[in-house]
Every structure is written in structure tokens, then in C-alpha cells.
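**Student:** Please find one structure pasted underneath; my questions will follow.
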Amino acid sequence: MSKKPISAGVVHSLPSDLRKALASDAKALEAWESITPLARNEWICWTISVKTPETRKNHVGRVISELKEGMRRPCCWIGCIHRTDKPVSRSVQWVINKRKKVKK
């Protein structure tokens with residue numbers, strides 16, 4: 001008996017740590033499969049766009065818990081900047097520019 005593969009996003013593939021977490025929680029996996037590929041992409045991008053392993057582990061845990069709470073996208077996330085199928089919005093570009101200024 002083969003298991004159905006877990007769906008990924010539109011730009012990002014599903015990282016192994018998030019795949020493992022989803023596979024181990026039936027309710028979270030059901031919620032994951034019920035959201036759109038764009039929404040899954042947002043969760044994946046939000047998870048992988050962190051700087052430390054500790055934050056990444058925290059984000060993976062939050063994906064699971066927040067999906068089970070009914071959230072369909074990460075809260076307060078500017079969106080995936082890796083998509084090339086649409087231009088970056090002015091509001092997202094403002095956030096990106098602000099982050100660049102802070103890093104200098």
C-alpha cells in the first residue's frame with residue numbers, strides 16, 4: 001500500500017522537516033491538503049526564510065498548530081518574494097526595501 005504524496009507549493013518544494021511534521025499529524029495534513037497551492041507555498045516560504053535552526057523548528061511547529069486551528073496562511077507574512085509569475089506588490093517592495101536599510 002503506497003501513501004499519497006504530500007502536496008507542495010507553486011514555487012517551493014516541501015522541505016523534509018515540514019513533510020515529516022505533516023505526515024505525523026493527520027489533522028494538520030488534512031488541513032494542508034485542503035488549502036490552495038499558493039497558500040501552501042506561503043507556509044513553505046515562511047518556514048524556510050528564517051535565519052536560525054531554532055526559528056525554523058519553531059516555524060515548522062507553528063505550521064502544524066496553526067493549520068489545526070484553522071489558519072490558511074501565515075499571519076503577518078508579506079508573502080513569498082520568490083514567485084516569478086507576478087510582480088512584487090508595492091507594499092511588499094516597501095518591506096523589502098526597509099529590511100535592506102536596516103541590514104546596512
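The values are calculated or read from the model by the stated rules, or taken from the named source; none is laboratory data. Worth saying up front: this structure is predicted, and the values here are computed from it rather than measured. Heads up, the Cβs are rebuilt from the backbone with ideal geometry, glycines too, and the neighbour counts pull from every protein chain shown.
**Student:** Please go through the stretch 48-73 and pick out each residue that is at pLDDT below 95 and within 14 Å of Pro15 (Cβ to Cβ).
**Tutor:** Ile48, Ser49, Val50
Here's the yes/no breakdown for (1) under 19 Å from Gly79 (Cα atoms); (2) surrounded by 14 or more Cβ atoms within 10 Å (Cβ to Cβ); (3) among the basic types (Lys, Arg); (4) without any contact (Cβ under 8 Å) to a residue 12 or more places away in the chain:
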position: Val11; (1), (2), (3), (4): yes, yes, no, no
position: Asp17; (1), (2), (3), (4): no, yes, no, no
position: Ala21; (1), (2), (3), (4): no, yes, no, no
position: Ala28; (1), (2), (3), (4): no, yes, no, no
position: Trp32; (1), (2), (3), (4): yes, yes, no, no
position: Ile35; (1), (2), (3), (4): yes, yes, no, no
position: Asn41; (1), (2), (3), (4): yes, yes, no, no
position: Ile44; (1), (2), (3), (4): yes, yes, no, no
position: Pro53; (1), (2), (3), (4): no, no, no, yes
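**Student:** Please go through the stretch 55-79 and give me each residue that is outside any loop (DSSP other than H, G, I, E, B), of a type in the set (Val, Ile, Thr) and surrounded by 14 or more Cβ atoms within 10 Å (Cβ to Cβ), ordered by number.
**Tutor:** Residues satisfying the conditions are Val60, Val63, Ile64.
**Student:** Residues of the stretch 1-38 being within 11 Å of the chain's Cα centre (by Cα) and either closer than 16 Å to Arg56 by Cβ or part of a helix (DSSP H, G or I) (or both), which ones?
**Tutor:** The answer is His12, Ser13, Leu14, Pro15, Leu18, Trp32, Pro37, Leu38.
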